[in-house]
1. With a/c under 1.5 counting as rounded, go ahead and sort the range 394-476 into rounded, prolate or oblate using the C-alpha gyration tensor (a ≥ b ≥ c being the square roots of the eigenvalues; past the cut-off, prolate if a/b is larger than b/c, else oblate).
2. Going through the range 437-497, which chymotrypsin sites (Phe, Trp or Tyr not before Pro) have at most 10 other Cβ atoms within 10 Å and a DSSP loop state?
3. Alpha carbon centre of the range 234-251 versus the range 414-470: separation in Å?
4. Just to be sure I understand: of the beta bridges DSSP finds with both ends in the range 362-497, what percent are antiparallel, rounded to 5?
5. What is the set of long-range amide H partners of Trp29 at a cut-off below 5 Å, with H atoms built 1.01 Å from backbone N?
6. Please go through the range 191-280 and write out the trypsin sites (Lys or Arg not before Pro) that DSSP classes as loop and that have at most 16 other C-beta atoms within 10 Å.
7. Given a Förster radius of 35 Å and the C-beta distance between Asp284 and Glu483 as r, what FRET efficiency does 1/(1 + (r/R0)^6) yield to the nearest 0.05?
8. Can you pull out the chymotrypsin sites (Phe, Trp or Tyr not before Pro) in the range 82-154 whose DSSP state is coil and whose Cβ has at most 13 other Cβ atoms within 10 Å?
Amino acid sequence: MASCSGVSALSAPHPHVTGVRPNFIAGSWREGADALENVNPSDTRDIVGTYARASAHDVEDAVSAAKAAFPHWAQGPAGTRAEVLDAIGTEIIARKDELGDLLAREEGKTLPEAVAEALRAGQIFKYFSAESYRAEGATYRSLRPGVTLEVRREPLGVVGAITPWNFPLAIPAWKIAPALAFGNTVVFKPAGLVPGSAWALAEIIARAGLPAGAFNLLMGQGADVGAALAAHPDVAGVTFTGSTDVGRRMGAEIFARGGRMQLEMGGKNPLIVLDDADPDEATDLAIAGAFHSAGQRCTASSRLIVTGGIHDTFVEQMVEKMARLRVDDARKSGTDIGPVVSEPQRAIHLDYVHVGEREGAVRAIGGDILARATPGWYLSPALFTSARPDMRICREEIFGPIAAVIRAGTYEEALAVANDTDFGLSAGIVTKNRARIDHFLASVQAGMAQVNLPTAGMDFHAPFTGRKHSSFGPPEKGSECREFFTVAKVVHAAYGG
Ligand code: UN1
């Protein structure tokens, strides 16, 4: 075990003798059972660092430390929680360039996107710092005279936060910050592919003045560490972002043991483009939604549903603009799209390119492995045309730089196609027609709807939520996430005796 207090910069050598970045359990830095290497997807010769992998024993220790710390943290003053979260936010914002660089290096999103994500993570901590004060409840007029009736909100207990690799700072921030703000203690399990940002975040949180055990970091793989955490009977709630398959499997187990859950899972997000749209604006929105972050976001626009009058111009402009997108090292200036995150992910994407072709869609551009100056997981963004709604490329979440254009005869047909999916996360429309917009907003089956904006990239202070197979449980973010992070206590009291 090594103490880490006083380490203030990522570049500072960690005191741990082996050079392995340790887990953080019960207020101490602790070596893992073994370690995993963190590889730069833009240059696979570059090892970002080596990170401890937690054992089953570590999961036990972290949960029991979080459980022991809970009463004190839950009952402590809101002002203390607010100060801790504010300090974390301040440091993240001050170090956003350095943290963004690390994020881009380990995950592969471009440097501007990564720095913006680091800033957003800091802002989320600031936002929830203020939320710490909002311990509001409700009062009702009782049906019985002399009886006071109130609904209080109490912290849930130990929260397990299980996060994906595509937003290594922002998603941990919007799970950890509200958990702590509302008085819970946390065991954080980041994705195995991106331990660097998680470790940096944990190192900041570890110095922010929390009592020992209130926050714990367990690195490792989802299949072992994440599953053990989700299954633990002392974890009162699990907030998870990841694939629908994993979420549903894990959710069934959490339900069986009586735990609470907040699951954010897949998407197959439609962007409807109507005849009256400006083609230049529509193609810019489609490219931002489909290909920024290499399409690796659950809010990506993977189905571009375009009506007949604009269809051919739209496709032509998409192909022209996509041909100009620069796919290269995430940290190189001028790069529009970085590599995808790993070799297995790229293999899945390439497989979908073949699936699309076999199903009879036309590959208008992209979908090819690219060689660059550094060895990395480069893939040119792909656009399919002549796609039909029943094709696998239009039904399954690909989570990569691949989008399909579906031609629709009318707005009504476009809407029906948009809703013909198992998912229901984000949906967009590009048009100036106000009546159509109103109809779309009332009819689209999605948790989040965008008008003349990309389907991805939401404001950090608003709730984030989906329908159907995309989400389960109360929304994330915004003050609405209080529904998940607190439990209600309904009090009927006759104080007069
Ligand atoms: C965004 O598009 O701003 O995993 C965030 C994801 C989502 C977050 C998307 N849970 O892609």
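1. Numbers: a/c = 1.58, a/b = 1.21, b/c = 1.30.
Oblate is the answer for the range 394-476, as a/c is 1.5 or above yet b/c matches or exceeds a/b.
2. Numbers: sites: Phe440, Phe460, Phe464, Phe472, Phe484, Phe485, Tyr495; in loops: Phe460, Tyr495.
Sites meeting the loop and neighbour criteria: Tyr495.
3. 24 Å
4. On the way: 7 of 14 bridges.
Percentage antiparallel, nearest 5: 50.
5. Amide H to amide H, under 5 Å and 5 or more residues apart or across chains, Trp29 pairs with Ala2, Cys4.
6. Working: sites: Arg207, Arg248, Arg249, Arg257, Arg260, Lys268; in loops: Arg207, Arg257, Lys268.
Those that pass, being in a loop and sparsely packed, are Arg207, Arg257.
7. Details: r = 36 Å, r/R0 = 1.02.
Computed FRET efficiency for Asp284 and Glu483 comes out at 0.45.
8. On the way: sites: Phe125, Tyr127, Phe128, Tyr133, Tyr140; in loops: Tyr133.
Those that pass, being in a loop and sparsely packed, are Tyr133.
Values in this text are rule-based calculations from the coordinates and carry no lab data. Fair warning: this is a prediction, and the values are worked out from it, not measured in the lab. With ideal geometry, Cβ positions are generated from the backbone for all residues, glycine too; neighbour counts draw on all protein chains shown.
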